[in-house]
1. Taking region 217-257 on its own, how many of its residues are in contact with a Lys or Arg (Cβ under 8 Å, 6 or more places away or on another chain), surrounded by fewer than 15 Cβ atoms within 10 Å (Cβ to Cβ) and outside any strand (DSSP E or B)?
2. Which condition number does Thr17 fail, the rest of (1) part of a strand (DSSP E or B); (2) closer than 17 Å to Leu231 by Cα; (3) touching a Phe, Trp or Tyr at 6+ places or on another chain (Cβ under 7 Å) being met?
3. Hey, can you tell me all the residues within region 97-149 that are farther than 18 Å from Arg60 by Cα and either part of a loop (DSSP other than H, G, I, E, B) or basic (Lys, Arg) (or both)?
4. Can you find a residue that is buried (at least 17 other Cβ atoms within 10 Å of the Cβ), in contact with a His (Cβ under 8 Å, 6 or more places away or on another chain) and over 30 Å from Pro232 (Cβ atoms) anywhere in region 43-65?
5. Can you pull out every residue in region 69-100 that is under 17 Å from the mean Cα position of the chain (by Cα) and among the aromatic types (Phe, Trp, Tyr)?
6. Are any of the residues in region 167-187 farther than 23 Å from Gly112 by Cβ, of a type outside the set (A, V, I, L, M), out of contact with any helix residue (DSSP H, G or I) (no Cβ under 8 Å at 6 or more places or on another chain) and surrounded by fewer than 23 Cβ atoms within 10 Å (Cβ to Cβ)?
7. Which count do you get for residues in region 72-127 that are of a type in the set (D, E, K, R), more than 24 Å from Lys47 (Cα to Cα) and exposed (fewer than 14 other Cβ atoms within 10 Å of the Cβ)?
8. Cβ-Cβ below 9 Å, separation at least six or inter-chain, first residue in region 186-199 and part of a helix (DSSP H, G or I), second buried (at least 22 other Cβ atoms within 10 Å of the Cβ): which pairs?
Amino acid sequence: MVETVAGIQAVLGEGPTWDERRKVLYMVDIIGQTIYEYDPHKETIHKTALNQMIGAVVPRRAGGLLLALQHGFHAYDPESGKLTAIHDPEQQLPGNRFNDGKCDPAGRFWAGTMSLTGEGGQGALYRLDKDWKVSRMVESVSCSNGLAWSPDGDTLYYIDTPTREVAAFDYEAVTGAISNRRAVVRLEQDQGFPDGMTIDEEGMLWIAHWGGARVSRWDPGSGKQLGKIELPVPLVTSCTFGGPNLDQLYITTARTGMSEQDLEEYPLAGSLFRTKPGVKGMQTIAFQG
């Protein structure tokens, strides 16, 4: 069973992240320039409005949050409301914005960019280290999206949406280096585009289908689809495991670009969904800087 939670109706819901320490779920509305904090125990929702688009949010070990905003990496203190700029690696590219992001097993923050107009090859994937150093890891990206690391920490999975593929890289935890890119999953034309992604404790990938009205489960070893969860909305953007036992799958969706007729047909577009898929996920890594 799939249910809606928190009464959220985002324009472009994205980046769900479970904060294990605080037992809350964060997600963002990129176009709505808002961070949502959902407490499933209290059944409360707290909204934080910003003055620029936000692609991703992750908890920070030192307290507060780390953000990938339209104009680069920022630290955010929810208690004081203070936003501290760290670095904008694309300040020379005002037509770009940051999109999805996540921390690797060593607590470095990875986030990528895309063109605001959808122009191909204008973005990149960046890595923010604990000492605030920023490195460009993948170039000529069109729409930087889902990230996940294998349970053994040896593989990075990455989605550049227009490729319709999930790429895998060999990943070195000590240095953060990646190498040996190859495609491990490919979506067909009628399945929509791969968007956000997470991984379960068995090493299987869960992929949100933009334009495909579902989240699907894949074996990156064989490239075969193992199952799917259908949603009553077409634009499915991302997913993550959460809850006390990490056995609940939270799924974000969008309503951007949909016509009035579309919204009448899909009134739940932009909602946050939750289901129990029968497998547990991996714990979210906080930024260690």
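1. So the count comes out to 3.
2. The failed condition is (2).
3. Residues satisfying the conditions are Arg97, Leu116, Thr117, Gly118, Glu119, Gly120, Gly121, Gln122, Arg136, Ser142.
4. Checked region 43-65: no residue is buried (at least 17 other Cβ atoms within 10 Å of the Cβ), in contact with a His (Cβ under 8 Å, 6 or more places away or on another chain) and over 30 Å from Pro232 (Cβ atoms).
5. Selection gives Phe73, Phe98.
6. no
7. Qualifying residue count for the region: 1.
8. Asp190/Gly212; Gln191/His209; Gln191/Gly212; Gln191/Ser216
Values quoted throughout were computed directly from the atomic coordinates according to the rules given, and no laboratory measurement underlies them. As the structure is a prediction and not an experimental result, all values here were calculated from the model. No Cβ is skipped: glycine too gets one built from the backbone with ideal geometry, and neighbour counts run over all protein chains shown.
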